[in-house]
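My questions all concern the structure below.
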Amino acid sequence: MVGYHFVKCGNYTLFASIFTNNDEYHSAYQVISKMEYGDLDTIDKNILGQLQKHSDLTVKELAAAVNLSNSATFDRQKRLEREGFIKGYKAVLDTKRMGLGITVLCNMRLKQHSQQYMDAFMQAVQNIDEITECYNTSGEYDFTLKIHTRDMDSYQEFMRTRLGNIECVGSFHSVFVMSEVKNTHGVPIL
């Protein structure tokens, strides 16, 4: 015999299948919905804001910043990681100090609009280090790329030998960044 029911457990909804086998009861739970942004309280949002500004905070420093105990802060941080609100922690490098003097926003069109070409292009950019961001966009262009290179000569070589050699690329339009006015590497926490 098999039975099914849903269980609300805090911010989760669990799907439970209950079955019997030789008069023994067994159950299997599967999470079918996770927390949404609206489920977060002000402390959770404060933790996200603090970590977004300073991802290298220790639990003790983070707890002091959000006015919570170390263990409660640690538990909340781990829950936010499990729930996917925190995707990871990274060091932000200075492009100029790394010898990358040119930043380019490159708008690119595919030769034709087909799933095969889109998939091929999205796969190809995964293996090109100079492309640090890639967005599938609406409008006149299919993709917008953020590209970092040493100088104009290296950008020209990159376009000729790397991006230009991707079979599905039709055309592109390069916009050179004169100066960076704002780059928070973050998202607004409302």
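The values are calculated or read from the model by the stated rules, or taken from the named source; none is laboratory data. Everything quoted here is computed from the prediction, not taken from an experiment. With ideal geometry, Cβ positions are generated from the backbone for all residues, glycine too; neighbour counts draw on all protein chains shown. Remember, those area values only see protein heavy atoms, side chains included, never the ligands or the DNA or RNA. Shrake-Rupley method; radii C 1.70, N 1.55, O 1.52, S 1.80 Å.
Can you run the Rg to Rh ratio on segment 45-190? Use alpha carbon positions and the Kirkwood inverse-distance Rh. Don't jump to the answer; show the numbers that get you there.
Working: Rg = 19.6 Å, Rh = 18.0 Å.
We get a ratio of 1.09 for segment 45-190.
Can you give the accessible area per residue of segment 47-190, in Å², using a 1.4 Å probe? It would help to have the intermediate numbers written out before the result.
On the way: 9750 Å² over 144 residues.
On a per-residue basis, 68 Å².
Using a cut-off of under 16 Å, list every residue of segment 70-108 whose amide N is near the label point 7 Å from the Cα of Lys34 along the Cα-to-beta-carbon line.
Only 76-89 pass the distance filter.
If you don't mind, there's one more thing I want to ask. Please pull out the direction-averaged projected area of segment 104-190, using the convex hull of its alpha-carbon atoms, in nm² to one decimal place. Spell out each step's value before the answer.
Details: hull surface 27.9 nm².
With every direction weighted equally, the projected area is 7.0 nm².
Starting from the Cα of Lys90, step 7 Å along the direction of its Cβ; do the same at Ile43; then give the gap between the two resulting points in nm.
Taking the simple label geometry, Lys90 and Ile43 are separated by 3.0 nm.
I'd like the Karplus ³J(HN,Hα) series for segment 127-140: coefficients 6.51, -1.76, 1.60, θ = phi - 60°, whole numbers in Hz, and an x wherever there's a Gly or Pro.
With coefficients 6.51, -1.76 and 1.60, one gets 9, 10, 4, 5, 8, 9, 9, 9, 10, 7, 10, 9, x, 5 Hz.
Something else now. May I ask you to list the lysines whose Cα is less than 16 Å away from that of Lys146, ignoring any residue fewer than eight positions away on the same chain?
Lys96, Lys182
Against the 2.2 N^0.38 Å scaling, with N counting residues, where does segment 106-155 land? I'd like the Cα-based Rg ratio to two decimal places.
Details: Rg = 11.6 Å, N = 50, 2.2 N^0.38 = 9.7 Å.
Rg over 2.2 N^0.38 Å, computed on Cα atoms: 1.19.
Let me ask something additional. What nm value, rounded to one decimal, do you get for the distance between Asp153 and Leu105 when each label is placed 7 Å out toward the C-beta?
According to this spin-label approximation, the distance is 2.9 nm.
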